[in-house]
1. Could you list all residues from the range 73-108 that are over 12 Å from the mean Cα position of the chain (by Cα) and either surrounded by 13 or more Cβ atoms within 10 Å (Cβ to Cβ) or hydroxyl-bearing (S, T, Y) (or both)?
2. Kindly provide the set of residues from the range 121-147 that are under 21 Å from R64 (Cβ atoms) and either modelled with pLDDT under 90 or in contact with a Ser or Thr (Cβ under 9 Å, 6 or more places away or on another chain) (or both), ordered by number.
3. Can you tell me which residue among K8, K35, K55 is under 17 Å from the mean Cα position of the chain (by Cα) and loosely packed, with under 11 Cβ neighbours inside 10 Å?
4. Consider L111 carefully, then state whether it is closer than 27 Å to A22 by Cβ and without any contact (Cβ under 8 Å) to a residue 24 or more places away in the chain.
5. From the list P135, P146, which one is of a type outside the set (V, I, T), surrounded by 10 or more Cβ atoms within 10 Å (Cβ to Cβ) and closer than 30 Å to A50 by Cβ?
6. Here is a list of conditions, (1) under 30 Å from G31 (Cα atoms); (2) part of a loop (DSSP other than H, G, I, E, B), and K75 meets all of them except one; can you say which number that is?
7. For the range 86-102, indicate whether the set of residues that are among the aliphatic types (A, V, I, L, M) and part of a loop (DSSP other than H, G, I, E, B) is non-empty.
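The values are calculated or read from the model by the stated rules, or taken from the named source; none is laboratory data. Because the structure is a prediction, the values reported are computed rather than measured. As a convention, Cβ positions derive from the backbone with ideal geometry for all residues, glycine included, and neighbour counts pool all protein chains shown.
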Amino acid sequence: MKLSFFGKWHPVIRYDTAHGFAHRDTMHPDGSVDKVSLLYWDYNEALTFAQYDIKSNWEWYRQRYKKGNGKMNKKELFERNLILSTEFSRYVMENPEVANRIPKDALVVILPEYDQELAEENLKIAETKREKDQPMVLVRVKRLAPERKSRLIKPTIEIVSA
């Protein structure tokens, strides 16, 4: 994905299979590039994810690039973890045996393998918040499926006046 700033095009995010494996390159204004491997996916899965990611997150990538530092702020950290924690809660509700494997009072840390920056930040926060002798559960997430639409079929909305 390239964006135009002040009449000049800048590469911001790129998915490709150069170097023999699927990966995402995140470019920064200073010329540095972060490479995140998509080794667990075949090329078709990587392409599907790339299309979904760019379509869903292009504005976020643009804002990060324009900020210049490319670092996640607290609001972005919260929003991205809110999505992960919601999805993990759904997963546990659909797979209750997972909850039985989590020790009482454990610190659960979600590490998205598709987002190295978020995974590193979550681990850093967990290490500072973990209490002495507290068990820690690492949940490594390979990827997120595309968002689903509502399962409601033709709902009717009725407004009842006071």
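1. T86, F88, S89, Y91, V92, V98, I102, A106, L107, V108
2. R143, L144, E147
3. K55
4. When the stated conditions are applied, L111 does not pass them.
5. Answer to the selection: P146.
6. Going through (1) under 30 Å from G31 (Cα atoms); (2) part of a loop (DSSP other than H, G, I, E, B) one by one, K75 breaks only (2).
7. Yes: one or more hits.
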